[in-house]
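One structure is given below, encoded as structure tokens.
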Amino acid sequence: MSVHMEREVKKLRKMILSLGALVEENLARAVRSLELRDTVLAEKTAAADAQIDQSEIEIEEECLKVLALHQPVATDLRFLIAVLKINDTLERIGDQAVNIANKSERIASHGNAALIDVHFNQMANASRSMLKDALDALVNLDGDVARHVCSCDDEVDAMKREARAKVVAAIKDDPSNTEPLLALLGATRNIERIADLATNIAEDIVYLVDGKIIRHGEED
């Protein structure tokens, strides 16, 4: 690796990890807003998304500049491809955090409407843990940790299915709570999607580290 390319790789790694930290922070804020039905936190979540969007654009532009100027090959090219894909995925996770915040505001607008326990916090913690581990795998270029993240997705899927069954039963029991319950169900879908996206990041890290594409469950 040339000195110039090494400098660019270090710069991009720092940029993508900074974006990851922003996304993690905003996701935590969104989840907290729903837990507390806190509209102020929800509004802060939406406002912070602009910085995430701007960072995503800057990283993409930097990657394209490196591709044009240095024409990387082999490991360096894999790194740039992985960063481009992870960059896009992190921005999409940021959008899911905003969606959760929006649903938090909808739920809060119903005041003291009863909401059932769908283990939202448990789902959210599992998805946030997957995202954290995926970013740690990126820091350490650890394919094993990335593969572990992929193995955790089924657990979140199962919790989401359980949540849906509970919401359907609760709506039948008390139709007056339909709107806030549907908003809560929508938030669990957002959490499930975040787990899916964290899995995508982990798959990209396996590609970066080992040069293997595993998104269809195959490593051969």
Subject >> Restricting the range 30-72 to residues that are assigned to a helix (DSSP H, G or I) and of a type in the set (Lys, Arg), the residue that is nearest to Asp95 (Cα to Cα) >> reply: Lys44
Subject >> Only listed residue being among the aliphatic types (A, V, I, L, M), under 17 Å from Ala137 (Cα atoms) and either in contact with a Leu (Cβ under 9 Å, 6 or more places away or on another chain) or modelled with pLDDT of 95 or more (or both), chosen from Ile81, Ile107 >> reply: Ile81
**OP:** Return yes when Ala146 is in a helix (DSSP H, G or I), buried (at least 21 other Cβ atoms within 10 Å of the Cβ) and either in contact (Cβ under 8 Å) with a residue 60 or more places away in the chain or not small (Gly, Ala, Ser) (or both) and no when it is not.
**Re:** yes
Original post:
Which residues, taken from the range 1-60, are over 21 Å from Asn87 (Cβ atoms), under 17 Å from the mean Cα position of the chain (by Cα) and without any contact (Cβ under 8 Å) to a residue 12 or more places away in the chain?
Top reply: Arg32
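Okay, residues lined up against (1) under 24 Å from Lys160 (Cα atoms); (2) at pLDDT below 95; (3) aromatic (Phe, Trp, Tyr):
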| position | (1), (2), (3) |
| --- | --- |
| Arg37 | yes, yes, no |
| Gln51 | no, no, no |
| Ile57 | no, no, no |
| Glu61 | no, no, no |
| Gln71 | no, yes, no |
| Ala74 | no, yes, no |
| Ala113 | yes, yes, no |
| His119 | yes, yes, no |
| Gln122 | yes, yes, no |
Original post:
So which of Ala134, Ala126 is in contact with a Cys (Cβ under 8 Å, 6 or more places away or on another chain) and among the aliphatic types (A, V, I, L, M)?
Top reply: Ala126
Original post:
Taking the range 47-75 as the search range and keeping residues that are of a type in the set (A, V, I, L, M) and buried (at least 19 other Cβ atoms within 10 Å of the Cβ), which one is farthest from Lys14 (Cα to Cα)?
Top reply: Ala48
**OP:** Look at the range 157-216 and say how many of its residues are loosely packed, with under 14 Cβ neighbours inside 10 Å, of a type in the set (A, V, I, L, M) and either assigned to a helix (DSSP H, G or I) or in contact with a Lys or Arg (Cβ under 9 Å, 6 or more places away or on another chain) (or both).
**Re:** 4
**OP:** Would you be able to say whether some residue in the range 112-124 is crowded, with 22+ Cβ neighbours inside 10 Å and part of a helix (DSSP H, G or I)?
**Re:** yes
Subject >> Selection from the range 116-144 of residues that are charged (D, E, K, R), under 11 Å from the mean Cα position of the chain (by Cα) and within 18 Å of Asp210 (Cβ to Cβ) >> reply: none
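The values are calculated or read from the model by the stated rules, or taken from the named source; none is laboratory data. Bear in mind that the values here come from a model prediction, so they are computed numbers and not experimental data. Note: ideal-geometry Cβ built from the backbone for every residue, glycine included; neighbour counts use all protein chains shown.
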